[in-house]
Amino acid sequence: MPIYKYKTFKEAERALWNFHTDEAYYEKVAELWEFANKLSPIKYPKGMFKFKNIEEANKHREKFELAYAKNFKNRNH
């Protein structure tokens, strides 16, 4: 793996981004998320929940996942 030297932080930050994605890139991203889920799977509450629309359901899921992440962070630090 080559070593790069950057003159500014902004230049180094830009090097992290991949602007020319292909199918292999998205497969690697999917593998990364799958690996992260194996390391720390989220345990969702059991049961059925009723929502008026998809936005309300998404908000509920996001709220639960954020609370789970905060709790996970507090346990590990």
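The values are calculated or read from the model by the stated rules, or taken from the named source; none is laboratory data. The shown structure was predicted, so the numbers you read here are calculated from the model rather than taken from an experiment. No Cβ is skipped: glycine too gets one built from the backbone with ideal geometry, and neighbour counts run over all protein chains shown. Ligands, DNA and RNA are excluded from the accessible area calculation, which covers all protein heavy atoms including side chains. Shrake-Rupley method; radii C 1.70, N 1.55, O 1.52, S 1.80 Å.
The figures follow:
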read-out: Filtered chymotrypsin sites (Phe, Trp or Tyr not before Pro), segment 5-62: DSSP coil and at most 12 other beta carbons within 10 Å; value: Tyr6, Trp17, Phe19, Phe49, Phe51
read-out: Percent accessible area from carbon and sulfur atoms, the chain, protein chains only, probe 1.4 Å; value: 60
read-out: Centroid-to-centroid separation of segment 10-43 and segment 54-77 [C-alpha atoms, Å]; value: 21
read-out: Prolate/oblate/rounded label for the chain (Cα gyration tensor, a/c 1.5); value: prolate
read-out: Stretchable slack from Glu11 to Ala30, in nm (0.36 nm times residue separation minus alpha-carbon distance); value: 4.2 nm
read-out: Stretch gain in nm, segment Phe64-Phe19, where the contour uses 0.36 nm per residue and the Cα spacing is subtracted; value: 13.0 nm
read-out: Alpha-carbon radius of gyration plus Dmax, which is the widest Cα pair, for segment 38-77 in Å; value: 12.2, 38
